[in-house]
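The values are calculated or read from the model by the stated rules, or taken from the named source; none is laboratory data. Just so we're clear, the structure is a prediction, and the values are computed from it rather than from any experiment. Every residue, glycine among them, receives a Cβ derived from its backbone with ideal geometry; neighbour counts consider all protein chains shown.
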Amino acid sequence: MLTPAFEIAQDANTIIVVIQAPYTKVSDTEVFIDGTDFKFYSKPYFLRLTLPGRLVEDGREEAKYDVDKGSYTVTVPKETPGEYFPDLDMLTKLLAPSSSQPTASTQPMIEVLASDSVDDVTECQDEEEEIDWQLPQTPYQPKLTTEGPQYGFANQKSGVFKRLESEFLEILDIKNPETLTPHERRQQRIENENSHFDEEYYLADLFYDDNVQRIIAYKSPWLAEYRAWKKGENIVELSEIDKEKMLKLPRKEYLLDAHIERHLYLGLVDLMFAYAYNHRITEGENSVESGWTISKLSATLSCFETYSSLFDVCLACHRRAMCFPLHRHWKLTNKVFKDMKQIFALGKTRLLKCLLEIHSIFMESDPRYILNDLYITDYCVWIQSVSSNKLESFATSLAEVEVSKEDVNFDLVELEQAASLVQSEENTIDSMTSQTEQLNIHTPSHTGSGDNTENSKATSHGLESPGIDSR
C-alpha cells in the first residue's frame, strides 16, 4: 500500500482532510471514522491518521473527488464543536500508531511501534510540573552494554563505528568513540577546542571584518516569522517539500525518562545553533561546505556530547564558533545565538523545518548521512510530539542565557586589549612618519654661506628640523 500525500485544515466545527490519490476508482473508495481514528482506502492508497481530538460520524460528513487534481476532500465534524485540534501540520505524528498511556512499570526509552488505544502521552506531558532548565545536573552516565558506551539519539546506539569504514570516523572530533564514556568525550572535546583556538585568526577576523558585517546584516527568513509571533500571529508554514520529507520519516513514538528527554532538548540547542550559523554565512544558499559546518559546530554530532545544563550547551556553541568555522567573529556568533533563540521561540514547526533541512544537507554530504541515522531522523520524528508547554518553557529559559567573552576561557578580552594597544601604537608611529614626510617636503632650500648649505643638507636628510626630535 502507498501512503498518499495529504494535508489537514480545520474550522470551528470540522476538520478537512485533502488527500492526493489520482487515478483511483471512486466507487471503491472507503473512509472510516471512529473517535480519534481516521482511515482512508482507495487502491493502491491507504492512509491512517491518529488525530489529537475526537470526530463524530453523524451524517454531516462528506467527501468530494476533484478529477482534475486527483484529490479527495473529506470533511468530518468534530465531536466537540469549537474544539481546537493542535499540531495538524505534524504529519509524521499523525501517521504514527496510537499508543497507550505509560504505566508505573513502563521502562524508560521505549520505542512504541504499534498499539490500538488512544494516545494520551502528549496530554500527560503538558500536565507535568515546570522544569528548571537552568539547573545544572549530573552529566549523563549510561549503563554500559556488551558493545560499550552508548551515543546517538537518546543514547540508543552503540557499536556502530566498529562496523564502519575509517572514513566515517573523520566526521568526529573524538578518538575511539566506542570506548569513551560521556565524561571522557567532554574532556577530549574541550582539549580539542583549546588546541584549535588561533589568536591570530581571531584578531584578523576582528579587525578586518567587512565581509562579516555584511553577513551580520543579513535578514533571516524566520525574522519576519518572529516579528509576527511577537504580535500574536503564527505565519510559520511547512512547504510541500517539507511535507514530502515528513511522509518518508519512520512512524514511531518514544517514551523517554526525564533525564534522557532533558538531554534531547539540550542537544537540540547546538543543532539549531549550527544550523543558524550555516544559514547566515551562506545567506540561505547552502554550499558544499554546509554539511561540514553544521556537523563541526554541533558538539552533539561531532563529539557525541551530552550536556548537563543550558549554559553548558550555549558555552560550547560559542567556543566552537571561535575555533573552527571560516568566520570566527564574536558579534557574528552573538547574532547566530540570537537567531537560534528566535527559532526556538517560534515553536516546533520552525524547529521541524530546520531539522528537515539539516537532514537533506547530510544526505548530500557523504559520509555525514550516518549522522541522520544516529541523530537527525529521530529528532525529526520526536520534535513533532513534544509537549508545546514544555517547549515554550524551554525557549523562555533559553532566551535568558547569555555567554560572555570571559566565559569561553580563551582570554579574548585581554587579547583584544593587547591588539588594540599595538594597533594604536602603530597608528601613532604611522602618523608621526607622515608628519615628518610632509615637513621634509615643505622645508625651503637655502643658498649662500657654507653654514646654510650644511644646514640645508642636514634638514633634507631628516636629521634636524624645528619641532622634531631627531632622536
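Would you point out the residue of segment 299-342, among those that are among the β-branched types (Val, Ile, Thr) and touching a Phe, Trp or Tyr at 6+ places or on another chain (Cβ under 6 Å), that is nearest to Leu223 (Cα to Cα)? Talk me through it step by step, then tell me what you get.
At the first step, the residues of segment 299-342 found to be among the β-branched types (Val, Ile, Thr) are 300, 306, 313, 333, 336.
If we keep only those that are touching a Phe, Trp or Tyr at 6+ places or on another chain (Cβ under 6 Å) as well, we get 306, 313, 336.
Details: Thr306: 29, Val313: 23, Val336: 12 Å.
Filtering first and then ranking leaves Val336.
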Practice task
Only one of these is under 16 Å from Thr92 (Cβ atoms) and among the aromatic types (Phe, Trp, Tyr): Tyr369, Tyr379. Name it.
Solution key: Tyr379
Fill in the blank from the handout: Of (1) among the hydrophobic types (A, V, I, L, M, F, W, C); (2) surrounded by fewer than 17 Cβ atoms within 10 Å (Cβ to Cβ); (3) outside any strand (DSSP E or B), Leu88 fails just (2)
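Look through Cys323, Cys380, Cys354, Cys317 and report the one residue that is in the same structural domain as Ile260 (by TED's automatic domain parsing), more than 15 Å from the chain's Cα centre (by Cα) and not acidic (Asp, Glu).
Details: Cys380 fails: more than 15 Å from the chain's Cα centre (by Cα); Cys354 fails: more than 15 Å from the chain's Cα centre (by Cα); Cys317 fails: more than 15 Å from the chain's Cα centre (by Cα).
Just one listed residue meets the conditions, Cys323.
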Problem - Pair list, Cβ < 8 Å and 6+ apart or interchain, from segment 406-423 residues that are among the small types (Gly, Ala, Ser) to residues that are in a helix (DSSP H, G or I) - result: Ala419/Leu203; Ala419/Leu206; Ala419/Phe207
Exercise for the section: Select, from Val408, Val403, Val381, Val422, the only residue that is part of a helix (DSSP H, G or I) and modelled with pLDDT of 95 or more. Expected result: Val381
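Would you mind finding the one in Thr50, Thr73 that is of a type in the set (Val, Ile, Thr) and at pLDDT below 95?
Working: Thr73 fails: at pLDDT below 95.
That would be Thr50, the only listed residue that is of a type in the set (Val, Ile, Thr) and at pLDDT below 95.
Return yes when Glu83 is modelled with pLDDT of 90 or more, part of a loop (DSSP other than H, G, I, E, B), under 30 Å from Thr36 (Cα atoms) and not hydrophobic (A, V, I, L, M, F, W, C) and no when it is not. Quick ask: steps written out before the conclusion?
Numbers: modelled with pLDDT of 90 or more: yes; part of a loop (DSSP other than H, G, I, E, B): yes; under 30 Å from Thr36 (Cα atoms): yes; not hydrophobic (A, V, I, L, M, F, W, C): yes.
So Glu83 passes the test.
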Handout entry: Condition broken by Ser290, with the remaining ones in (1) out of contact with any strand residue (DSSP E or B) (no Cβ under 8 Å at 6 or more places or on another chain); (2) more than 30 Å from Asp209 (Cα to Cα); (3) buried (at least 21 other Cβ atoms within 10 Å of the Cβ) satisfied
Key = (2)
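Table: residues versus (1) in a helix (DSSP H, G or I); (2) in contact with a Pro (Cβ under 9 Å, 6 or more places away or on another chain); (3) on the phi > 0 side of the Ramachandran plot; (4) without any contact (Cβ under 8 Å) to a residue 40 or more places away in the chain.
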site: Phe168; (1), (2), (3), (4): yes, yes, no, no
site: Asp173; (1), (2), (3), (4): no, no, no, no
site: Pro177; (1), (2), (3), (4): no, yes, no, no
site: Arg185; (1), (2), (3), (4): yes, yes, no, no
site: Ser195; (1), (2), (3), (4): yes, no, no, yes
site: Leu206; (1), (2), (3), (4): yes, no, no, no
site: Val212; (1), (2), (3), (4): yes, no, no, no
site: Ile216; (1), (2), (3), (4): yes, no, no, no
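Does Thr306 satisfy the condition of being touching a Lys or Arg at 6+ places or on another chain (Cβ under 9 Å) and among the β-branched types (Val, Ile, Thr)?
Yes: the conditions hold for Thr306.
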Completion exercise
Residue pairs within 9 Å by beta carbon, gap of at least six or interchain, first lying in segment 335-357 and free of Cβ contacts under 8 Å to residues at least 12 places away in the same chain, second crowded, with 23+ Cβ neighbours inside 10 Å, listed first then second, are Lys338/Ala276
Exercise for the section: Report, by residue number, each residue of segment 149-192 that is acidic (Asp, Glu), surrounded by 13 or more Cβ atoms within 10 Å (Cβ to Cβ) and either touching a strand residue (DSSP E or B) at 6+ places or on another chain (Cβ under 8 Å) or at pLDDT below 90 (or both). Expected result: Glu178
Exercise for the section: May I ask you to say which residue of Val31, Val18, Val67, Val74 is loosely packed, with under 12 Cβ neighbours inside 10 Å, free of Cβ contacts under 8 Å to residues at least 60 places away in the same chain and among the β-branched types (Val, Ile, Thr)? Expected result: Val67
Handout entry: Enumeration of residues in segment 44-85 that are more than 16 Å from Val17 (Cβ to Cβ) and within 37 Å of the chain's Cα centre (by Cα)
Key = Gly82, Glu83, Tyr84
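Only one of these is closer than 23 Å to Tyr151 by Cβ, among the hydrophobic types (A, V, I, L, M, F, W, C) and either at pLDDT 95 or above or in the same structural domain as Ser195 (by TED's automatic domain parsing) (or both): Leu391, Leu310, Leu332. Name it.
Values: Leu391 fails: closer than 23 Å to Tyr151 by Cβ; Leu332 fails: closer than 23 Å to Tyr151 by Cβ.
Testing whether each residue is closer than 23 Å to Tyr151 by Cβ, among the hydrophobic types (A, V, I, L, M, F, W, C) and either at pLDDT 95 or above or in the same structural domain as Ser195 (by TED's automatic domain parsing) (or both) leaves just Leu310.
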